Each structure stands twice: as C-alpha cells, then as structure tokens.
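Novice: One structure coming up, written as structure tokens, with questions to follow.
The values are calculated or read from the model by the stated rules, or taken from the named source; none is laboratory data. Just so we're clear, the structure is a prediction, and the values are computed from it rather than from any experiment. Positions of Cβ are backbone-derived with ideal geometry, glycine not excepted, and every protein chain shown enters the neighbour counts.
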Amino acid sequence: MAEALRAVVAEPWVEVAERALPGELRVLRAAEKSLNGERRGLRAVLPFLGPAFIAAVAYVDPGNFATNMAGGSRYGYMLLWVVLSANLMAMLIQSMSAKLGIATGQNLAEVCRDRFPRPVVIFLWIQAELIAMATDLAEFVGAAIGLNLLFGIPLFTAALITGVAAFAILALQAFGFRRLEATIAVLVGVIVVAFGLEVLRAEPNWGSVAGGMVVPQFAGTESVLLAAGILGATVMPHVIYLHSALTQKRVVGSSPAARRKIFHFEKVDVVIAMGIAGVINLAMLTTAAAVFHSRGLLDAGSDLNQVFSGLDRYLGGNSGAVFGIALLASGISSSSVGTLAGQVVMQGFIRRRISVFLRRAITMVPALIVIGANFDPSRALVLSQVFLSFGIPFAMIPLLIFTRDKKLMNGLANSRLTNYAAYGVAALIIGLNVFLLYQTLTGAA
C-alpha cells in the first residue's frame, strides 16, 4: 500500500495512511485509485466527499432558521436573492479555503500566523474568538429551542442536554474522520427532508419565488439588517478557517498535478454540499413567505415559537414538530462543527491547544447566560448572525491574499477570474455592512 501511494501522494500522507483506522484506510486506498485514474466518474469522487459537508452544516445552523424565517414572514419572497447570492458566495469562498489547505498543508489560521506581523495575528485571533462565541451562542440557543418546542424541556436544561449531545458527536473523532462525516451528513439529511416536506405543504407562489431570486431589492433599514443577518448566517467566518483545516492533511498530493486532481474532486464536494445547503435556505425563507407573509402575519417569523405553532395551525400534519426536529438536528450538528472550528482558530493563531471538550464547556457559558437572563432567544439568534457578517472580511481578505500568491499555492493559485470574483464578493459584503451601519446609526428608512 505505502509503495503504491508514494507515486501520487506526499510522504506525510503515506505515514497517515499507515496509521489509519480500517475504515479510513479503505477511503485512502480508494482516493489513491482515483488519483491514479483507476476509478472514474462518481466512484472517483466518493472518497473525497466529506469536508464540505462538515463545513456546510454551518450554512444551515439555527441562525439560518431565525434569519430566513424572519425575512420570509416580514418581506415575503423579496430576500430570496440574498439567500441565493450568499450561497454562491459560499461556494467560491469554501473552494478557496479547501484549496489553501490542499496547496500548503496548512490551515488559514496557521498561514496567517506565519506570514502576518504579530500584532495583526493577535487582532485576527481575538476577533475570530469573538466570532466563535457568537456562533456558539446561535447554535446552542437554537438546539435548546428545538428541544423546548418538541418536548417542553425548559430552555436552560435543554441547553445542557445539547452540550451532552455535542460531546457525543465530537467523541466520534476517535473512530476516524469518516464516522464523524457520516453522522454530520445524516443530520443534514434530516434537515433536507424536513424542509422538503414543509415547502411542499406550504404551496408557495412559484412565480414570486423565481422573481425574488433574481430581482435585488430592499425595503428599509430592517430589510438590510435581515439581509446582513442572512449573509452572516450563510457565509460563516469560522468555517472559512475550518475548511482549510479539513483538507490540509486529508490527502496530500506529491506533485502539482496530484494537488490539482485533489482540488478538482474537492470542488465537486463543495458544489454538492453548498448546493444542498442553499436549497435548504431557500426552502426556509420560501416556507415562511408562503405560510406567514401571505396571511399578513409579518412578525410571526421573528419568534421561533410562533413559527412552530403557526406551521402546525396552517399546514397541519405535525408540521411544527417537523420544524422542531430540523432545528434540533441543526443545532446539535452545528454546535459540534463550531467547536472544531474554534480549536482550529486557537491552535493555528497562537499554537495553543485545549481539549475540545473543555472548549465546548467554556463556550456554552454565553448561551447559558443569555437563556438564564430570559433574553429573547429568537432575537439573539438574528443579532448573532449580524455580528458574524461583520467578521467575514477578516477571514476572507487574508484568504484572498494567500490564495492568489503563486509561490505559496504551489500551482493552485487563483485564476484572474477567481480573483476578480473574490474581490467583488469582499467589496459587496463590506459595502452591505457599511450601508447597514449608516442606516442604523442615522435612522434612515
């Protein structure tokens, strides 16, 4: 096995393969056959699927539920273009993040640490930790709301149960990366099925859906706030760091040609995973528009408890319970992924590593404080996503700087078209945030 691998992959990866668990070894052998051209078509892609699905969980976390439901109920189908645009941006950004890990063998935080001045590194680390806290807040609060809606468990107790469930998922890492990836994929599948049912029952106006996806428009400050929240909930800063870590040592190419093949397969992974996440987000907002906005219930989506009861009332068939199950699956899975991302950030920027279980316990505290203080949990979800939107440039701009560096990227530097697209995305995100600040501070309508 090791002798065959050395023809297409780098020495460190051969050592990883020799130490791999049986399930992982089968995947690595299949990956080697794909790189050699022995596997073609879908079979060639399968060994490389997984990293983007873990990253995609962050794109369907409870923050997405809150912002999409609020946006759909208040503005109908108007903000669907924001959801679509955000998911297309996510495909670009996540492919660049995956490419950085493949090309350099380092994750984004590590490259920042090695190439930026120390004060810049400290600043980026601190803001990344704050972003991680906002992320954890959304995920824990969301899962706790799901348990509360389904079983009537008090929110504080539900948050503690969420922590235990997240610990259990994180423990799967001991059995290899495939076990964790499969579990996350199943939870994403639950969300897909749930919102597939919801949107079919809602019977939306498909002409309005199409119009909302292609006609950019706003309707005052609150719509911009929700658009920024949707953007922050979709283009998640912490998974820009995480995706590069998921690919940096999974399969390491020994030559530029091998690395290009690996990246080709990872692009397929990104398109599939982010495409699924995009469909879920579109279905969320569409459901809220069809069920609540069409009935004049403009504020119904701003409270997930009202969403739960409203779906039951207007759609029947235990639609509220279906929504609650999806929210719970989202909260538990994204909470685990958020912890992995936080570990990457800390270890990458400052070379400090703490147990993921200890980190999970620490990051539970803000969510428990919010719940214990009786702050509106649905509002907390939306505001946390707006905060995340302001953190996107601090991860994206370094990513763009590094992935356009031909010397660093070992034959995988961005094309000119990719650079221009990334410049445009960064400018759009920063511009939206500046516009949001202006409207909020001046009270412009």
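Novice: From the list Val337, Val370, Val345, pick out the single residue that is among the β-branched types (Val, Ile, Thr), part of a helix (DSSP H, G or I), in contact with an Asp or Glu (Cβ under 7 Å, 6 or more places away or on another chain) and touching a residue at least 60 places away in the same chain (Cβ under 8 Å).
Specialist: Val345
Novice: Mind checking which residues of segment 36-61 are aliphatic (A, V, I, L, M), surrounded by fewer than 24 Cβ atoms within 10 Å (Cβ to Cβ) and touching a residue at least 24 places away in the same chain (Cβ under 8 Å)?
Specialist: Correct list: Ala44, Val45, Leu49.
Novice: Moving on. List every residue pair whose Cβ atoms sit under 7 Å apart, with the two residues 6 or more apart in sequence or on different chains, where the first one lies in segment 395-421 and is hydrophobic (A, V, I, L, M, F, W, C) and the second, anywhere, is not in a helix (DSSP H, G or I).
Specialist: Pairs found: Ala413/Arg404; Ala413/Asp405.
Novice: Let me ask another. Quick check, is Met91 modelled with pLDDT of 95 or more and either assigned to a helix (DSSP H, G or I) or closer than 30 Å to Ser255 by Cα (or both)?
Specialist: On the way: modelled with pLDDT of 95 or more: no; either assigned to a helix (DSSP H, G or I) or closer than 30 Å to Ser255 by Cα (or both): yes.
For Met91, the condition - modelled with pLDDT of 95 or more and either assigned to a helix (DSSP H, G or I) or closer than 30 Å to Ser255 by Cα (or both) - is not met.
Novice: Got at least one residue in segment 340-353 being surrounded by fewer than 18 Cβ atoms within 10 Å (Cβ to Cβ) and either among the hydrophobic types (A, V, I, L, M, F, W, C) or more than 19 Å from Ile126 (Cα to Cα) (or both)?
Specialist: So far as segment 340-353 goes, yes, one or more of its residues are surrounded by fewer than 18 Cβ atoms within 10 Å (Cβ to Cβ) and either among the hydrophobic types (A, V, I, L, M, F, W, C) or more than 19 Å from Ile126 (Cα to Cα) (or both).
Novice: Next question, about the same structure. Here is a list: Ile145, Ile169, Ile153. Which entry is closer than 28 Å to Asn68 by Cα and in a loop (DSSP other than H, G, I, E, B)?
Specialist: When all the criteria are applied, what remains is Ile153.
Here's the yes/no breakdown for (1) touching a Leu at 6+ places or on another chain (Cβ under 6 Å); (2) among the small types (Gly, Ala, Ser):
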residue	(1), (2)
Gly146	yes, yes
Ala165	no, yes
Ala168	no, yes
Leu172	yes, no
Val188	no, no
Val193	no, no
Gly220	no, yes
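Novice: For the subset of segment 213-267 comprising residues that are under 20 Å from Leu28 (Cβ atoms) and at pLDDT below 85, which member is surrounded by the most Cβ atoms within 10 Å (Cβ to Cβ)?
Specialist: Residue satisfying both the conditions and the ranking: Val251.
Novice: Has segment 302-325 got at least one residue that is in contact (Cβ under 8 Å) with a residue 40 or more places away in the chain, surrounded by fewer than 18 Cβ atoms within 10 Å (Cβ to Cβ) and in contact with a Ser or Thr (Cβ under 9 Å, 6 or more places away or on another chain)?
Specialist: Yes, segment 302-325 contains at least one residue that is in contact (Cβ under 8 Å) with a residue 40 or more places away in the chain, surrounded by fewer than 18 Cβ atoms within 10 Å (Cβ to Cβ) and in contact with a Ser or Thr (Cβ under 9 Å, 6 or more places away or on another chain).
Novice: Shifting gears a bit: Can you find a residue that is part of a helix (DSSP H, G or I), closer than 30 Å to Arg379 by Cβ and of a type outside the set (A, V, I, L, M) anywhere in segment 252-268?
Specialist: No: segment 252-268 contains no residue that is part of a helix (DSSP H, G or I), closer than 30 Å to Arg379 by Cβ and of a type outside the set (A, V, I, L, M).
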